[in-house]
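Everything below concerns the one structure shown next.
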Amino acid sequence: MATIYDVAKAAQVSASTVSRIINGERNVAPATAAQVEAAIAKVGYVRRAVRPGRKPVKRQGIQTGMIDFLSLGSHSPAEMFSLPAFSSLLDGIMREVESQGMDLVLSHCPHGKIIPPVLARRRADGILIFGNPGLFKKIEPAVDRVPAVWCFLTDFQGEFPTSHVLYDNAPVGKIAAEYLLKRGHKQLAFMNATASHTAFAERRISYVQSLETAGINPSIIESTMIPPYPDMAIRSQPLIDQLLALDPKPTGVFCVSDDLMLAVDNGLRQRGIIPGRDIELIGCNNDSVRMEQMHPRPATIDLKLERVGRQAVKRLLFEISNPNENDLSRTYIKPELI
């Protein structure tokens with residue numbers, strides 16, 4: 001069976017050049033690539049169906065080349081994909097892990113009782129954690145001395161047991177308020193379909209405080225539904241009814257998330273009210289799936305989750321390589337108006 005060395009000899013180039021062309025690298029002269037392709041056909045070289053990927057970047061602490069993305073709490077890996085903007089976070093994580101020549105595995109620990117196999121067998125060099133920190137104490141003994149970084153929290157207030165890289169939620173409400181004020185709105189409202197969500201409550205507080213500083217008291221419209229929640233389109237209907245019952249009616253509304261904003265946009269149109277003309281909406285998450293369904297496209301606040309994912313991986317790799325580093329890192333990625 002012909003090898004790349006046979007191809008290199010026939011093409012009168014180095015074996016490394018043949019390897020680069022076979023692996024699809026672009027920084028090769030077209031004439032050289034054509035010469036190699038002709039040699040491949042001549043000697044009968046058969047390309048592998050699957051070629052080996054990049055080897056892990058050599059660094060202290062890397063043993064398996066594997067990072068575990070662990071969900072603590074109710075959201076399984078499959079369910080996480082339905083969460084607003086989650087795909088951006090995972091995309092950033094996957095891109096950074098791949099750039100290091102490492103592998104990513106998803107695991108789930110719903111109650112803190114059963115340790116996922118990848119952790120129980122010590123196959124992960126480090127852990128990226130998504131979910132409820134309250135469950136971490138239950139599994140902490142089983143993952144002792146395995147570096148871990150939080151990259152997304154769900155409904156939690158208090159101390160963090162490890163380093164974390166998170167989006168900065170504090171200024172989100174302020175950004176929304178300043179946007180609507182600059183657009184000349186005086187009658188404003190806040191809409192939230194999940195009143196118990198701590199991150200959403202923080203957005204409401206900063207939104208209200210910013211508007212009160214400008215002499216405006218916004219209307220607060222929040223759902224009183226309890227889990228399990230119905231579809232967002234159904235949850236939004238009573239909120240829209242409350243909005244339209246206000247007198248005077250708001251001309252600007254901050255919807256706490258883009259999935260809610262899409263439901264409100266559709267609901268208003270069904271009532272003959274055109275967002276962007278009769279009322280202005282602003283959302284949060286920069287959720288491309290939802291945003292593409294609204295025309296004209298409203299404003300939203302990008303939480304920069306793709307960057308959060310990348311930075312979380314970088315911090316984790318630092319801790320893997322520096323096991324004696326005792327200082328917990330606190331990194332918040334600033335959101336941006338889109």
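The values are calculated or read from the model by the stated rules, or taken from the named source; none is laboratory data. The shown structure was predicted, so the numbers you read here are calculated from the model rather than taken from an experiment. Every residue, glycine as well, gets a Cβ built from its backbone with ideal geometry; the counts of neighbours run over all protein chains shown. Remember, those area values only see protein heavy atoms, side chains included, never the ligands or the DNA or RNA. Shrake-Rupley method; radii C 1.70, N 1.55, O 1.52, S 1.80 Å.
Structure above, values below:
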| item | result |
| --- | --- |
| Inter-label distance, nm, simple model (7 Å from Cα along the C-beta direction), Glu37/Ile338 | 3.8 nm |
| Gain on full stretching of the segment that runs from Val28 to Thr251 - 0.36 nm per residue minus C-alpha separation | 74.5 nm |
| Over 32 Å between alpha carbons, listed pairs Lys182/Lys314; Lys138/Lys174; Lys186/Lys314; Lys138/Lys314; Lys113/Lys334; Lys174/Lys249 | Lys182/Lys314; Lys138/Lys174; Lys186/Lys314; Lys113/Lys334 |
| Distance-filtered residues of region 186-209 - backbone nitrogen under 19 Å, label point 7 angstrom along Thr224 Cα→Cβ | 190-197, 201 |
| Choice from Arg95, Arg121, Arg203 with maximal GNM fluctuation in the chain (Cα, 10 Å cutoff) | Arg121 |
| Anisotropy class of region 161-255 from Cα gyration tensor, a/c 1.5 cut | oblate |
| Gained length - Asp231 relative to Asn326, 0.36 nm times residue gap less alpha-carbon distance | 29.8 nm |
| Protection proxy ranking of 126-138, 72-84 - average other beta-carbon atoms within 10 Å, highest first | 126-138, 72-84 |
| Virtual spin-label span in nm between Arg271 and Lys314, 7 Å along Cα→Cβ | 4.5 nm |
| Area of His197 that stays accessible when all protein chains are in place (1.4 Å probe, Å², to 10) | 50 Å² |
| Virtual spin-label span in nm between Gln209 and Lys9, 7 Å along Cα→Cβ | 7.5 nm |
| Percent of alpha-carbon pairs separated by more than 26 Å within the chain | 59 percent |
| R0 of 30 Å, Cβ-Cβ distance Ala142-Met94: FRET efficiency to nearest 0.05 | 0.75 |
| The chain - percent of accessible surface contributed by carbon and sulfur, probe 1.4 Å | 51 percent |
| Spatial separation of Cα centroids for region 114-149 and region 256-326, in angstrom | 28 Å |
